[in-house]
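Have a look at the structure below, then the notes.
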Amino acid sequence: MSFDRQLIPRWRQGYRFQFEPAQNGHVLLYPEGMIKLNESASAIGGLIDGERSVEAIIAALDEQFPGVPELGTDVEQFMEVARAEHWIELA
Amino acid sequence: MQSTGLNSPESAVTETVATDPGLRIPPKPEVGLPLWLLAELTYRCPLQCPYCSNPLDFAKQGQELTTEQWFKVMAEARQMGAAQIGFSGGEPLVRQDLAELIAEARRLGYYTNLITSGIGLTEQKIIDFKKAGLDHIQISFQASDEQVNNMLAGSKKAFAQKLEMARAVKKHGYPMVLNFVTHRHNIDKIDRIIDLCLALEADFVELATCQFYGWAHLNRVGLLPTKDQLVRAERITNEYRARLAIDDNPVKLIFVTPDYYEERPKACMNGWGNIFLTVTPDGTALPCHGARQMPIQFPNVRDHTMQHIWYDSFGFNRFRGYDWMPEPCRSCDEKEKDFGGCRCQAFMLTGDASNADPVCSKSEHHGLITQARDEAEYASQTIEQLAFRNERNSRIIAKS
């Protein structure tokens, strides 16, 4: 099944993406919990604003990190995992 | 408050304390960051839950911290890496400065959680807290059934009020956790409990089988479910999970098994002084909210900085690492997984907090656990016979 890159991701209500200086990294905060994100998840997460489509996020990352192979697939994979975990909603 | 299974942060971060190599200080053991700050604002509470995890002698505890003292605690802990803050108690709503505390916590960058019984909550407060920056509200229920709920809560209006507030929480756009402490008197209604949570559109449901600390320990015989009750409840929960997954329903059911039916102890608090930091109403800092009863002098935030409390105080270092362990933990190949279990439970049941948690079948005291399981098979205590958590009972217990 092909992934629809026109979909727009937004964080689920009550989920907050933020930088934590003490952990020197980005986290996703939610009721009574926290997930530490790795570098690539952080780069993607930073572009989720409820307005950019998945396609726009891929384009923005491609500009930031030119020449990364499989970038589009990585972003799609992140979206699928985040959606399955109910961290984000795709509409 | 309940012996709640606060969702542990999924990735425990451990970082070495920065030390100047030029100073030749012996290296400190790796200490985790205090990612979770539990702010027990008060022991005052309109409910009387007989499974409350507050200390039995709460009525004789010292004065509550002021707003400014809490501001200082929050600022220092945030600087040290605390990202989650839980406002708890007692019932945190009785603090008149709650909105102020929420606003300051949010300003500092915390994810702010209000852990409440819902008694004393109003729609206006829900709106005001949202403006102040509150991220999430957890409401605890005592049972799915009005009569049982009210009896346990020691209030005639508790149930209707909770339902109304749960609906208002969702209406105003908060994520909501509903917490049910289950025990032998309500666990057989687990299907009705889950149905109620789904109807109220909870995002997370904590089905927390009573853990036996504080008042719950006192009332254990009247609370511990039987093995059959527990197995049945877990099976039904799993059936709901399967159905919810098919429907792609985002609600998460969290089922907390009581230690008493395990053969290995829980990795309590993810290790002593490793992630969790509790500050009690009078400013005593604890590595977990059950630790107050231990014969350890814990530091107070009135006297020390959070930095000192977390990294240097005797109390927070007492059970860090593995050197304190006697056998069978010392030579156990699972010690890095469960840290020997819960120190409070070891103390309560064996009199020595260094012992292996008796939940572990390797513990020489494991018989206490199996005996409690046997007792659960023929216990006959009714709800009315439990010792309710209130000032009067607390004072009697504190005296004796």
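A few points about this structure:
- Qualifying residue in the range A:2-20 (condition: in contact with a Ser or Thr (Cβ under 9 Å, 6 or more places away or on another chain), closer than 30 Å to residue B:75 by Cα and surrounded by 15 or more Cβ atoms within 10 Å (Cβ to Cβ)): yes
- Between B:397, B:369, the distinction of being closer than 16 Å to residue B:215 by Cβ, among the β-branched types (Val, Ile, Thr), surrounded by 13 or more Cβ atoms within 10 Å (Cβ to Cβ) and in contact (Cβ under 8 Å) with a residue 12 or more places away in the chain belongs to B:397 only.
- Every pair of residues 6+ apart whose Cβ atoms lie under 8 Å, when the first sits in the range B:229-243 and is farther than 18 Å from residue B:204 by Cβ while the second is surrounded by 12 or more Cβ atoms within 10 Å (Cβ to Cβ) and hydroxyl-bearing (Ser, Thr, Tyr): B:230/B:209; B:230/B:257; B:230/B:261
- Looking across the range B:134-149, just one residue is modelled with pLDDT of 75 or more and small (Gly, Ala, Ser), and that is B:140.
- Of all residues in the range B:57-91 being among the aromatic types (Phe, Trp, Tyr) and modelled with pLDDT of 95 or more, the one that is farthest from residue B:140 (Cα to Cα): B:71
- Residues that are assigned to a loop (DSSP other than H, G, I, E, B), more than 19 Å from the chain's Cα centre (by Cα) and of a type in the set (A, V, I, L, M) were ranked within the range B:36-80; the one that is farthest from the other protein chains (Cβ to nearest Cβ) is B:65.
- Of the helices (runs of 4 or more DSSP H) lying entirely inside the range B:316-400, those carrying at least 1 residues that are under 30 Å from residue B:148 (Cα atoms) are B:343-350, B:366-378, B:391-399.
- Qualifying residues in the range B:184-218 (those that are among the small types (Gly, Ala, Ser) and in a helix (DSSP H, G or I)) - the one nearest to the other protein chains (Cβ to nearest Cβ): B:199
Okay, residues lined up against (1) of a type in the set (Val, Ile, Thr); (2) assigned to a helix (DSSP H, G or I); (3) free of Cβ contacts under 8 Å to residues at least 12 places away in the same chain; (4) within 22 Å of residue B:289 (Cα to Cα):
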{"position": "B:87", "(1), (2), (3), (4)": "no, no, no, yes"}
{"position": "B:144", "(1), (2), (3), (4)": "no, no, no, no"}
{"position": "B:147", "(1), (2), (3), (4)": "no, yes, yes, no"}
{"position": "B:159", "(1), (2), (3), (4)": "no, yes, no, no"}
{"position": "B:163", "(1), (2), (3), (4)": "no, yes, no, no"}
{"position": "B:166", "(1), (2), (3), (4)": "no, yes, no, no"}
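- Flag for residue A:16 being within 14 Å of chain B (Cβ to nearest Cβ), free of Cβ contacts under 8 Å to residues at least 40 places away in the same chain and of a type in the set (Lys, Arg): yes
- Hits in the range B:293-318 - residues which are crowded, with 24+ Cβ neighbours inside 10 Å and under 21 Å from residue B:53 (Cα atoms): B:316
- Within the range A:3-91, helices (runs of 4 or more DSSP H) holding 3 or more residues that are of a type in the set (Val, Ile, Thr) and out of contact with any Lys or Arg (no Cβ under 7 Å at 6 or more places or on another chain): A:71-84
- Residue in the range A:19-59 that is nearest to residue B:250 (Cα to Cα), counting only those that are touching a residue at least 24 places away in the same chain (Cβ under 8 Å), hydroxyl-bearing (Ser, Thr, Tyr) and more than 12 Å from chain B (Cβ to nearest Cβ): A:53
The values are calculated or read from the model by the stated rules, or taken from the named source; none is laboratory data. Note that the coordinates shown come from a computational prediction; the quantities given were computed from them, not determined experimentally. Don't worry about glycine lacking a Cβ; one is built from the backbone with ideal geometry, like all the others, and counts go over all protein chains shown.
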